[in-house]
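Quick note: the coordinates plus some simple rules give every number you see, no bench work behind them. Every value quoted in this text rests on a predicted model; they were computed, and no experiment measured them. For neighbour counting, all protein chains shown are included, and Cβ atoms are generated from backbone atoms with ideal geometry for every residue, glycine included.
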Amino acid sequence: MQSPLQIVFRHMDPSPSLEARIRQRAAELDQFFGRITSCRVVVECQHPRHAHGNLFEVRIDLTLPGSEVVAGGGSGVNHAHEDPHVAVRDAFDAVRRRIEDHARVRRGEVKRHGDAERGPVPAETSEVGGERE
């Protein structure tokens, strides 16, 4: 990574173990795709006043040469995300899939649907009971 990893905790106290896990997963991403320019991770507690059932949302913004990849955030209610470590895992898994998709497009392995020739659809005859209508 060209710029340092940014980690932001919103509506919660910073967690050293969670920060260490984020740094580990970001390093794995950098090993996987070495062209990452910058990475910002935001961990947010959705309902900070609840004693139980807090949901955590993790958003990862990556800058790559020529594009930006974003994963996480706003994915609906997932009760597994009551554990912030699970939310971090899922967000990093999603961003890795997006990087893989980005790399496939850059290599030209993904077909692009151009304007197909369009014409009239031939009329078909239907057969009922072996006879044509």
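If you take the square roots of the eigenvalues of the alpha-carbon gyration tensor of the range 6-109 and sort them as a ≥ b ≥ c, do you get rounded (a/c under 1.5), prolate (a/b over b/c) or oblate?
Prolate shape, in that a/c is at least 1.5 and a/b is the bigger ratio.
Subtracting the Cα-Cα distance of residue 3 and residue 86 from 0.36 nm times their residue separation leaves 27.3 nm of extension gain. By the count of other C-beta atoms within 10 Å, a proxy for reagent exposure, 107, 23, 98, 59 are ordered fewest to most as 107, 23, 98, 59.
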